[in-house]
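So the structure is just underneath, and the comments pick up after that.
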Amino acid sequence: MTRSDTIELYLKQLSKALRGLPDDERDDILNEIGAHLEHREDEGQLETALQSLGTPAACARAFRDELMLQAAFDDGGPRQTFGALLSLATRRTVAAFGLLFAGMLLIMSIAMAVSAVVEMINPETVGLWVNNGGQDFVFGTIKNLPGETYSEVLGRWYFPVAIVLAVALYIVSQLTGRGFLKLMIGRQKILP
Amino acid sequence: MDIESWKSQLRKGAAELAVLSILKGRPMSGIALLDHVKAYSEIGLSDGTLYPLLKRLDRDGRVTGNWQLPDAGGRPTKTYTITKDGEDALRAMRATWVGFRKDLSDIVGDE
C-alpha cells in the first residue's frame with residue numbers, strides 16, 4: 001500500500017465515522033484532515049501524524065465532542081440558537097395542541113358515560129335520533145325532543161353503544177395524551 | 001491517581017486561550033499552529049485536538065478559516081485569522097487567566 005492509499009483509507013473511514021454531521025461540515029473536516037496528512041506525508045511524518053490524530057473513530061469523536069460543546073453552550077451563533085429554540089417551540093406547540101385534543105376526547109368519553117347513566121334513569125331524553133331523510137342526527141341527552149321528523153333508532157341498545165364508545169374514547173385519549181406528553185418532555189437533539 | 005484525565009481537564013480551557021493568543025499575533029494554518037506549539041508540550045495540543053478546536057472556534061465566530069494557495073506553489077492550506085469576537089473573547093479570557101494564575105500560585109506555591 002502506498003502512502004496516498006493510507007490517507008485515502010483513513011479519510012474514507014473518517015467520513016463514515018462523521019456520518020450524521022451536515023454534509024458541508026463533514027466535507028470541510030475531510031478536506032482539512034486530508035490536507036494535513038498530505039502535508040505531513042511530504043515531510044515524511046505521515047505515521048506520526050496518523051498516531052497523533054488517533055483512529056478515524058477517535059478523531060471523529062473529538063470533532064463531535066467539540067461541536068456538541070459549542071451547541072450546548074452556544075453564545076456566538078444567534079442563527080443556531082434561534083433555530084434550536086424554534087424547533088423546540090414547534091414541538092412544544094404541536095404537543096400542546098395534541099394534549100388539548102386528548103383532553104377533548106376524554107371529556108367526550110365522560111359525556112358518553114354520563115348519557116348512559118341518564119338513559120337508565122330517564123330513557124326518553126336519551127337516544128340516537130335520525131331524521132326521515134337520514135342526513136341529520138342527534139346523539140346523546142337532550143332537553144327538548146327533536147321535532148316529529150326525527151325518530152329514535154337505538155332504543156334499548158343506546159346503553160351498550162354509549163358504554164362501548166365511552167371506553168373507546170377513553171383509551172384513544174389516553175394513548176394520544178401519552179404520545180404527545182412524551183413528545184413534549186422528550187429530549188431535544190442539540191446537533192443539527 | 002489518574003493524572004492523565006486530570007491533565008486533560010486542565011488543558012481543555014487552556015488550549016483555546018493558547019490558540020487565540022497565537023493567532024492574535026498573525027494568521028496561521030493548522031500545520032503552522034501545531035509546529036508552533038510543538039515546543040510547549042504541557043499545553044497538550046496535538047493533531048487530534050487542534051483541528052476539532054479550530055472547527056469549534058470557527059463555528060463560534062472567534063476565528064475564520066480560508067483556503068489559500070501558497071505563493072510559492074504547493075498544496076492549498078486553510079489559514080485561520082482571529083475575528084473581532086475572538087479578540088474580545090481573548091481579552092476576557094486573558095484577564096481571567098491572569099487572576100486565576102496569581103490566586104492558584106499563592107495557594108499551591110510555585111515550587
- Note on the structure: Expressed as a whole-number percentage, the relative contact order of chain B with C-alpha contacts under 8 angstrom and at least six residues apart is 27
- Query: Where does each of B:Asp71, B:Asp106, B:Asp35 land when they are ranked from fewest to most other beta-carbon atoms within 10 angstrom?
  - Reply: B:Asp71, B:Asp106, B:Asp35
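For n ≥ 4 DSSP H runs only, could you compute -39500 (n - 2.57) per run for chain B, divide by its residues and tell me the 222 nm figure to the nearest 500? Mind showing how you got there, number by number?
Values: 4 runs with 70 residues, N = 111.
For chain B, the value works out to -21500 deg cm²/dmol.
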- Note on the structure: Pairs over 22 Å Cα to Cα, from B:Lys12/B:Lys102; B:Lys55/B:Lys84; B:Lys38/B:Lys102, come to B:Lys38/B:Lys102
- Quick one, could you list the DSSP H helices from chain B stretching 27 Å or more along their long axis (Cα atoms) with average Kyte-Doolittle hydropathy of -0.5 or above? B:3-25, B:84-108
- Query: By count of other Cβ within 10 Å, fewest leading, how are A:Ile171, A:Ile29 ordered?
  - Reply: A:Ile171, A:Ile29
- For the stretch A:113-178 versus the stretch A:1-33, the gap between their alpha-carbon centres in whole angstrom: 66
- Sorted from fewest to most neighbouring beta carbons within 10 Å, what does the list A:Tyr170, B:Tyr40, B:Tyr51 look like? B:Tyr40, A:Tyr170, B:Tyr51
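Read-outs throughout are calculated quantities, based only on the coordinates presented, and are distinct from any laboratory measurement. Since the model is a prediction, treat every value here as computed from it, not as a measurement. No Cβ is skipped: glycine too gets one built from the backbone with ideal geometry, and neighbour counts run over all protein chains shown.
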